[in-house]
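Asks: Handing you this structure, nothing more for now.
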Amino acid sequence: MTVPDRLLLGSGPSPVPRRVLDALAQPTIGHLDPAFAEIMERCKDRLRQVFQTTNDVTMPVSGTGSAGMEAMVVNFIRPGDRVVCGVHGLFGERMADEMRRNGAEVVVVEGEWGRALDTARLVDALDERTAALFVVHGETSTGVRQPLDGLAAACREHDALLMVDCVTSLAGAPIGIDEEGVDVAFSGTQKCLNVPPGLAPFTAGERALERLEPGRSWYLDLTLLLGYWSGGGGGRSYHHTAPINLIYALDEGLQIVLEEGLEARWVRHLDAHERLRGELAERGFERLAPEGEALSSLLCVRVPDGIDEAAVRRSLLLDHGVEISGGLGPLAGQVWRIGVMGEGARPEAQDRLLTALDKLL
Ligand SMILES: *Cc1c(COP(=O)(O)O)cnc(C)c1O
C-alpha cells in the first residue's frame with residue numbers, strides 16, 4: 001500500500017515526524033503487560049509536563065479530541081446544570097451542542113467569528129447556580145486565541161469549574177493548566193503534538209474531582225478509566241483495550257516536545273506564524289484575527305476577491321501535495337486556515353506552500 005506524499009498544513013492532522021511513525025510501528029504488546037504499564041506511566045508524566053500541571057488525573061482518553069470533550073461533559077456536568085459556554089467559532093458551537101445533549105442549561109456568550117470574547121462578558125454571565133464556564137482556548141475555525149485572564153478567579157468565586165478546549169493550543173501556544181487555574185481540559189494528538197489522530201490528552205484537578213459523578217457514558221466513565229490508568233491497590237484492571245501503538249506514538253511525540261522545551265516551542269510557533277502572515281499579506285491575504293488575538297498555531301486569512309479558493313486549494317493538494325484548509329460555517333468560501341503546528345511551524349514547510357501558491361496565482 002502506498003500513500004501519496006503530503007505536507008499537512010491544514011487545521012489537522014499535522015505532519016507526523018519519522019520518530020513518531022517509528023514508535024507507532026513497534027510491536028504491539030499486551031495492554032496489561034508490566035512493560036506497557038511503564039510506558040503508560042511515562043506517557044502520563046510527559047503529558048503532565050506538557051499541560052504544565054501536577055494533576056494526578058492526566059492521561060490520554062481513547063478517541064479523537066471530541067472524545068476528550070465528551071469525557072469532560074459526561075463526568076463533570078449533570079443534567080440541569082447551568083453552564084456558561086463561550087461561542088465564537090465552530091468548536092464553541094460544538095461544545096454548546098454537546099452540553100445540551102447532556103441536559104445542561106446552556107447560557108451562550110456569543111461573539112464574532114474571528115475575535116476573542118471579552119472576558120468581562122463571560123464573568124458577568126456567571127451566577128451562584130453556575131456549575132461551569134467553558135471556553136475554547138484556541139479556536140481552530142477562526143485562528144483566535146481566547147485569553148483566560150481572570151476566568152479562574154471568577155469561577156472560584158461562583159464555585160464553578162473552568163473547562164477549556166486546548167486541542168489546537170497545547171504544545172503550540174502558551175497554556176499552563178495550573179497557572180491559569182483550569183479545572184478540566186482536553187486536547188487532541190493531531191494538532192501541535194504531531195501524532196496521528198486517535199487520542200485525547202485529558203486532565204482534571206481536585207476541584208473537578210470533588211464533583212465527579214458516575215459518568216452517563218460507560219466508555220468514558222472516568223472512574224472506570226482510572227481503574228486501568230491508575231490501578232490502585234489491586235493493580236490495573238481491564239476496562240477497554242488501550243490503543244497500544246497510538247500510546248507509543250504519543251509518548252514519543254511528547255518526548256520530542258520536551259526535548260525542544262515548551263517555551264522554545266511557543267516562540268518558534270509565534271515566529272513561524274508571523275513569518276507566514278507577512279509572506280501572505282504581501283500576496284494580498286490578510287489575517288482574520290486582529291493583533292493580540294491571534295492563535296500562533298493556526299493562521300486564518302481572508303482570500304482576496306477574484307481567487308477561486310476551492311480550486312486553488314484543490315490544486316495545492318493534488319498537484320503540489322500541500323494540504324491547507326478552507327473556511328467553516330459563516331466563513332466557508334472566504335478564508336483559508338493554515339496550520340502552524342509542530343513540524344509545520346518551520347520555514348522550510350512554509351516555503352513549500354508559498355512556492356506552490358506562487359505558481360498557482
Ligand atoms: C480539532 C479540534 C477538536 C476536535 O478534535 P477531533 O480530533 O476532530 O475530534 C476540538 N476542538 C478544537 C479547537 C479543535 O481544533
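The values are calculated or read from the model by the stated rules, or taken from the named source; none is laboratory data. Computed from a predicted model, the values in this text were never measured in an experiment. Here Cβ is always computed from backbone atoms with ideal geometry, including for glycine, and neighbour counts include all displayed protein chains.
Asks: Among the residues of the range 231-244, is there at least one that is touching a Lys or Arg at 6+ places or on another chain (Cβ under 6 Å), over 30 Å from residue 155 (Cβ atoms) and buried (at least 18 other Cβ atoms within 10 Å of the Cβ)?
Replies: Applying the first criterion (touching a Lys or Arg at 6+ places or on another chain (Cβ under 6 Å)) to the range 231-244 yields none.
For the range 231-244, residues touching a Lys or Arg at 6+ places or on another chain (Cβ under 6 Å), over 30 Å from residue 155 (Cβ atoms) and buried (at least 18 other Cβ atoms within 10 Å of the Cβ): absent.
Asks: Further, regarding this structure: Go through 138, 205, 176 for me and flag whichever is surrounded by fewer than 22 Cβ atoms within 10 Å (Cβ to Cβ) and in the same structural domain as residue 95 (by TED's automatic domain parsing). Explain how you work it out, then say what you get.
Replies: On the way: 138 fails: surrounded by fewer than 22 Cβ atoms within 10 Å (Cβ to Cβ); 205 fails: surrounded by fewer than 22 Cβ atoms within 10 Å (Cβ to Cβ).
Step by step, each of 138, 205, 176 is checked, and only 176 is surrounded by fewer than 22 Cβ atoms within 10 Å (Cβ to Cβ) and in the same structural domain as residue 95 (by TED's automatic domain parsing).
Asks: Okay, next question. Would you be able to tell me the number of residues in the range 320-361 that are under 25 Å from residue 19 (Cα atoms) and part of a helix (DSSP H, G or I)?
Replies: From the range 320-361, those under 25 Å from residue 19 (Cα atoms) are 320-324, 338-353; that's our starting set.
When the remaining residues are screened for being part of a helix (DSSP H, G or I), the result is 320, 342-344, 347-353.
Counting residues in the range 320-361 that are under 25 Å from residue 19 (Cα atoms) and part of a helix (DSSP H, G or I) gives 11.
Asks: Just to be sure, is residue 227 surrounded by 15 or more Cβ atoms within 10 Å (Cβ to Cβ) and either touching a residue at least 12 places away in the same chain (Cβ under 8 Å) or in contact with a Lys or Arg (Cβ under 7 Å, 6 or more places away or on another chain) (or both)? Break it down stepwise before answering.
Replies: Values: surrounded by 15 or more Cβ atoms within 10 Å (Cβ to Cβ): yes; either touching a residue at least 12 places away in the same chain (Cβ under 8 Å) or in contact with a Lys or Arg (Cβ under 7 Å, 6 or more places away or on another chain) (or both): yes.
Here the answer is yes, as residue 227 does meet what is asked.
This table checks each residue for (1) at pLDDT below 95; (2) assigned to a helix (DSSP H, G or I); (3) more than 30 Å from residue 3 (Cα to Cα); (4) not assigned by TED's automatic domain parsing to the domain that holds residue 29.
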residue: 214; (1), (2), (3), (4): yes, no, yes, no
residue: 220; (1), (2), (3), (4): no, no, yes, no
residue: 233; (1), (2), (3), (4): yes, no, yes, no
residue: 247; (1), (2), (3), (4): no, yes, no, no
residue: 266; (1), (2), (3), (4): no, yes, yes, yes
residue: 280; (1), (2), (3), (4): no, yes, no, yes
residue: 306; (1), (2), (3), (4): no, no, yes, yes
residue: 311; (1), (2), (3), (4): no, yes, no, yes
residue: 318; (1), (2), (3), (4): no, yes, no, yes
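Asks: Kindly provide the set of residues from the range 167-212 that are of a type in the set (Gly, Ala, Ser) and part of a strand (DSSP E or B), ordered by number. First the steps, then the outcome.
Replies: Taking the range 167-212 first, the residues of a type in the set (Gly, Ala, Ser) are 169, 171-173, 176, 181, 185, 187-188, 198, 200, 204-205, 208.
Within the range 167-212, 185, 200, 204 meet the criteria.
Asks: Condition check: surrounded by 22 or more Cβ atoms within 10 Å (Cβ to Cβ), touching a residue at least 40 places away in the same chain (Cβ under 8 Å) and either in contact with a Phe, Trp or Tyr (Cβ under 7 Å, 6 or more places away or on another chain) or outside the structural domain of residue 160 (by TED's automatic domain parsing) (or both). Does residue 114 satisfy that?
Replies: Values: surrounded by 22 or more Cβ atoms within 10 Å (Cβ to Cβ): yes; touching a residue at least 40 places away in the same chain (Cβ under 8 Å): yes; either in contact with a Phe, Trp or Tyr (Cβ under 7 Å, 6 or more places away or on another chain) or outside the structural domain of residue 160 (by TED's automatic domain parsing) (or both): no.
For residue 114, the condition - surrounded by 22 or more Cβ atoms within 10 Å (Cβ to Cβ), touching a residue at least 40 places away in the same chain (Cβ under 8 Å) and either in contact with a Phe, Trp or Tyr (Cβ under 7 Å, 6 or more places away or on another chain) or outside the structural domain of residue 160 (by TED's automatic domain parsing) (or both) - is not met.
Asks: Quick check on the range 288-308: of everything there that is within 16 Å of residue 358 (Cβ to Cβ) and in contact with a strand residue (DSSP E or B) (Cβ under 7 Å, 6 or more places away or on another chain), which residue is nearest to the ligand (Cβ to nearest atom)?
Replies: Once the filter is applied, the top-ranked residue is 301.
Asks: Still on this structure, I have one more. Can you name every residue in the range 152-166 that is in a helix (DSSP H, G or I) and either out of contact with any helix residue (DSSP H, G or I) (no Cβ under 7 Å at 6 or more places or on another chain) or modelled with pLDDT under 95 (or both)? If you could, list the steps in order and put the result at the bottom.
Replies: The first filter runs over the range 152-166 and keeps only residues in a helix (DSSP H, G or I), leaving 152-157.
Answer for the range 152-166, where residues must be in a helix (DSSP H, G or I) and either out of contact with any helix residue (DSSP H, G or I) (no Cβ under 7 Å at 6 or more places or on another chain) or modelled with pLDDT under 95 (or both): 153, 155, 156, 157.
Asks: Looking for whichever is under 17 Å from residue 240 (Cα atoms), within 11 Å of the ligand (Cβ to nearest atom) and of a type outside the set (Lys, Arg) here; the options are 224, 220, 199. Which one fits? So that I can check it myself, show each step before the final result.
Replies: Values: 224 fails: within 11 Å of the ligand (Cβ to nearest atom); 220 fails: within 11 Å of the ligand (Cβ to nearest atom).
It is 199.
Asks: Can you tell me how many residues within the range 131-145 are out of contact with any helix residue (DSSP H, G or I) (no Cβ under 8 Å at 6 or more places or on another chain), near the ligand (Cβ under 10 Å from one of its atoms) and not in a strand (DSSP E or B)?
Replies: Number of matching residues: 1.
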